[in-house]
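Novice: This is the structure I want to talk about, given as structure tokens.
Every number here is computed from the coordinates shown, using simple stated rules; none is lab data. A quick note: this is a predicted structure, and the numbers were derived from the prediction, not measured. Note: ideal-geometry Cβ built from the backbone for every residue, glycine included; neighbour counts use all protein chains shown.
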Amino acid sequence: AVKNAADKDFADLGRIFYRELKDSTENSDEVKRIIEDIKAKESEIEMLEIEVAESKNKIICPNCRALNAENSVFCNNCGAKIK
């Protein structure tokens with residue numbers, strides 16, 4: 001349980017640093033490579049999420065990424081306006 005909590009903390013810390021570093025032009029080559037890898041994976045995930053949503057006749061909330069009925073105007077999960 002403690003190891004899982006520590007792993008989650010490391011992942012959370014990594015996300016914070018990623019958000020701070022992703023648009024910086026002063027990163028090392030290694031950091032730039034990792035950021036580009038993450039961006040590519042994020043794009044692939046987004047495309048797969050869209051495919052899944054379309055296969056289920058759903059739309060994805062632009063705010064929280066939850067699946068909603070095709071005719072939804074507001075997200076059932078977070079309440080954000082969808083259309």
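Novice: Take residue 26 and decide whether it is in a loop (DSSP other than H, G, I, E, B), farther than 30 Å from residue 79 by Cβ and out of contact with any strand residue (DSSP E or B) (no Cβ under 8 Å at 6 or more places or on another chain).
Specialist: Judged against the criteria, residue 26 is a match.
Novice: Please verify whether residue 45 is aliphatic (A, V, I, L, M) and assigned to a helix (DSSP H, G or I), treating the condition exactly as stated.
Specialist: Here the answer is yes, as residue 45 does meet what is asked.
Novice: Please specify each residue of the stretch 27-83 satisfying the condition of being loosely packed, with under 12 Cβ neighbours inside 10 Å and at positive phi.
Specialist: 57, 79
Novice: Now, a different point. Mind listing whichever residues of the stretch 7-47 are within 12 Å of the chain's Cα centre (by Cα) and among the aliphatic types (A, V, I, L, M)?
Specialist: Answer for the stretch 7-47, where residues must be within 12 Å of the chain's Cα centre (by Cα) and among the aliphatic types (A, V, I, L, M): 38, 40, 45, 47.
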